[in-house]
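Working notes, beginning with the structure itself.
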Amino acid sequence: MLKCIEQIEENAKQLNDVNIEYLHQMRVGLRKLYIAMQLLAKLSTDITLDDKFVYFMQEVRQLETKLGIARDWDVFTQNTLPPIKAKLPLIAAHQLIQEHANKITLQQHKQIIRLTQTQNYKNLWINFKDWLKDDNSIIDKIFSNKPIMQICNTILQNKQKKLLRYPKSPATQISDQQQHKLRIFIKKFHYTLNFFAHLYPKQNVTKYLKMLKNLQGQLGVIHDYVVMRNLCNTLLKQRPASDTQYKIGIGEIIGWKACEVDFLLIKFKKQWHKLRHLKPFWNDQKLSANK
């Protein structure tokens, strides 16, 4: 978890209005940290009784949510709109949509930058790191009760069982909300396996990690489409109802992205089938020689 905090702090120092990668990497660090804390909470109910742990977990979650809003606008303005505009017939509304989205994105970035400059934000990481480095840390007690490999195998086996409970073609057989939950599950599975990867033979882990990463990326694009529709509605609410050209431009952008998602669903279905039939490698494994 210290590495996650280091990633968050280093990227927070570099935040600016131009390069969106720092905010993205900061959010990735927050997400990994939160998932690690969720794992600890599942391993031991004792840690959920620790007031500091509960406070840190709530703060990390709130930060991740705030950065998520800014990241959604980043994806929309930097990754979604430009390629669609380049392929569609040029109309003035497209540029106006881009300008409006850029303005909101800039506002979101400034809010995050101001947040990272507050003393409360800085104190959060100072206190969190002190808690983690405590010699009497409850985390040490959790891992002293059971062999680490037994813990890892159990966690990964439970993830695999949950995966197999999903439909054979989940992206087309479940609602947008359920798709979102599936994306979160795959993301957690990916990060969890990544946490434990050094304990297993590299050749066994690599293939599984790659497949989870691909599925996470594909589900991310599908989710971006759902988010994009919401962001487009936000933009529409800020325009006069009589602005027909603006509505047409929004409709063209949503329609283009919808076609991309339809093609992506075909690829996702094949990847999902492969993952469901991929043999788990984590049972009856011994610690790697590097541990």
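The values are calculated or read from the model by the stated rules, or taken from the named source; none is laboratory data. All of these numbers come straight from a predicted model, not from anything done at the bench. Quick reminder, even Gly has a Cβ in these numbers, built from the backbone with ideal geometry, and neighbours come from all protein chains shown.
Annotations for the structure displayed:
- Considering residues of the stretch 203-235 that are more than 15 Å from the chain's Cα centre (by Cα) and without any contact (Cβ under 8 Å) to a residue 12 or more places away in the chain only, the residue nearest to Asp74 (Cα to Cα): Asn230
- Scope the stretch 56-91; condition surrounded by fewer than 20 Cβ atoms within 10 Å (Cβ to Cβ), in contact (Cβ under 8 Å) with a residue 60 or more places away in the chain and more than 24 Å from Glu260 (Cβ to Cβ); matching residues: Glu59
- Between Lys207, Lys181, Lys161, Lys168, the distinction of being modelled with pLDDT of 85 or more, under 29 Å from Met228 (Cβ atoms), charged (D, E, K, R) and surrounded by fewer than 19 Cβ atoms within 10 Å (Cβ to Cβ) belongs to Lys181 only.
- Residue list for the stretch 249-277, restricted to those being part of a helix (DSSP H, G or I) and free of Cβ contacts under 8 Å to residues at least 24 places away in the same chain: Gly251, Gly255, Cys259, Asp262, Phe263, Ile266, Lys270
- Residue match in the stretch 7-17 (condition: more than 17 Å from Ile126 (Cβ to Cβ) and either small (Gly, Ala, Ser) or under 14 Å from the mean Cα position of the chain (by Cα) (or both)): no
- Residue selection: Phe189 fails the criterion of being modelled with pLDDT under 90, farther than 23 Å from Asn79 by Cα, aromatic (Phe, Trp, Tyr) and in the same structural domain as Lys274 (by TED's automatic domain parsing).
- Conditions (1) under 21 Å from Gln98 (Cα atoms); (2) surrounded by fewer than 13 Cβ atoms within 10 Å (Cβ to Cβ); (3) without any contact (Cβ under 8 Å) to a residue 40 or more places away in the chain: number failed by Gln238: (3)
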